[in-house]
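To keep things clear, I will list the structure first and then write my remarks on it.
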């Protein structure tokens, strides 16, 4: 019996340590099991659960508790096997099954620690509510499938020149994430707080609006990111539009540059200020003859700006930041000078000259179909060297993955660009000679390092820290 206990304690150690990447996956899915399920469905059970690249999760109390519970459950599994299985064959089968079973124990650990998460949530929501009641701060809420972070950063940069302004940092766009930022930042004399609002299920935005009561809303655009979590694109659109009803006494500014926008906004009686490149928008963006110059036409008002940003969607993300800043009392000259000075955000079409004769167009912060196609256009306009794209694919697209990849491959047509990817679905949608499939991310690096001439690489979407380090670029997330 003592030998069984010792063996169980020893064997459980490496198996528990092997669950680190799975704990990280849960952490990135914010411990939401429906998001984790979508990730497994997207990657496939074998790749998601059995053959995941080893990476360490964050050092948090919940992760340590999940690891500890996984260890105890794995020890119990071995003890039961050694106690009740008599034949050597049965014990060998149990040992073989212990690896996938330990991954299931990670999920059990997440469920068991859920009450702790609820207490954590209640504490931060209480602090945030107290801070909001004691200050006169106005909340500016931003939601959308893409562009949220960029608009947030641009708007914060402009407003901060005149007003005391806070913002949610990083990817803190859930109810707890926003609450933490409010608790840390809001003071009695703060004027505005910009809250990026994310959603993974219907009514998520509605819930956030009830908690934080925004005075101004911005909807950046609705694509097919996370569509597999909502069941359909229509449900995703309805969720993002919950912000329109969530802003009770103020304006909502919304992009028209996404499919179905005109019909979606027509059903609301509340005044929505729309912006875009098309004629139906209330605020129109017109590009000037010189690169980097554009005009904003808003009623009788016509204002010209210049910017260092790359890509049409980058300019589109500047527009709501400019409109809102002007509506909140900033002068044209104040806004113009700040917009002119704004540099590209690292990881959002930022250019980097690195070693080995390579220029990197870094769009690794996130990836969506519209942004991907816009980045291809920017890459095509660059004048130096051979051109390549590295992507690991776009996740949580559900049944819209086929059409999305087909659109991306079509955007490559007529351009001297080679797409390098580990997602075989790109090749499945097209027999294009402009797509090359690799088994691992490291093989993409090996291929690029073997090209001894000037080259430009678009890094589209998230890659591993090792990949970015090898390129000589710090990650953007």
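The values are calculated or read from the model by the stated rules, or taken from the named source; none is laboratory data. These numbers were taken from a predicted model, which means no experiment stands behind them. Ideal geometry is used to build each Cβ from the backbone, glycine not excepted, and the neighbour counts take in all protein chains shown.
Some points to look at:
- Only one entry in 108, 64 is surrounded by 12 or more Cβ atoms within 10 Å (Cβ to Cβ), out of contact with any helix residue (DSSP H, G or I) (no Cβ under 8 Å at 6 or more places or on another chain) and assigned by TED's automatic domain parsing to the domain that holds residue 36, namely 64.
- From 56, 96, residue being part of a helix (DSSP H, G or I), modelled with pLDDT under 85 and surrounded by fewer than 17 Cβ atoms within 10 Å (Cβ to Cβ): 96
- Subset of the stretch 206-226 [surrounded by fewer than 24 Cβ atoms within 10 Å (Cβ to Cβ) and either touching a strand residue (DSSP E or B) at 6+ places or on another chain (Cβ under 7 Å) or not in a loop (DSSP other than H, G, I, E, B) (or both)]: 206, 207, 209, 210, 211, 212, 213, 215, 216
- Here the strands (runs of 3 or more DSSP E) wholly within the stretch 251-360 that include at least 1 residues being farther than 30 Å from residue 455 by Cβ and in contact with a strand residue (DSSP E or B) (Cβ under 6 Å, 6 or more places away or on another chain) are 252-255, 272-276, 283-287, 293-298, 301-306.
- Single residue of the stretch 361-383 satisfying the filter (assigned to a loop (DSSP other than H, G, I, E, B) and in contact with a strand residue (DSSP E or B) (Cβ under 7 Å, 6 or more places away or on another chain)) that is nearest to residue 454 (Cα to Cα): 382
- Within the stretch 87-99, none of the residues are in contact with a helix residue (DSSP H, G or I) (Cβ under 7 Å, 6 or more places away or on another chain) and under 24 Å from residue 465 (Cβ atoms).
- The condition of being crowded, with 20+ Cβ neighbours inside 10 Å, touching a residue at least 12 places away in the same chain (Cβ under 8 Å) and farther than 21 Å from residue 407 by Cα holds for only one of 236, 229, 256, that being 229.
- In the stretch 227-250, residue farthest from residue 395 (Cα to Cα) [restricted to those that are in a loop (DSSP other than H, G, I, E, B) and touching a strand residue (DSSP E or B) at 6+ places or on another chain (Cβ under 6 Å)]: 250
- Selection status of residue 271, surrounded by 14 or more Cβ atoms within 10 Å (Cβ to Cβ), free of Cβ contacts under 8 Å to residues at least 40 places away in the same chain, in the same structural domain as residue 137 (by TED's automatic domain parsing) and more than 18 Å from the chain's Cα centre (by Cα): no
- Residue within the stretch 397-413 that is over 19 Å from residue 39 (Cα atoms) and assigned to a loop (DSSP other than H, G, I, E, B) present: yes
- Test: residue in the stretch 398-419 that is under 27 Å from residue 291 (Cβ atoms), under 21 Å from the mean Cα position of the chain (by Cα) and crowded, with 21+ Cβ neighbours inside 10 Å: yes
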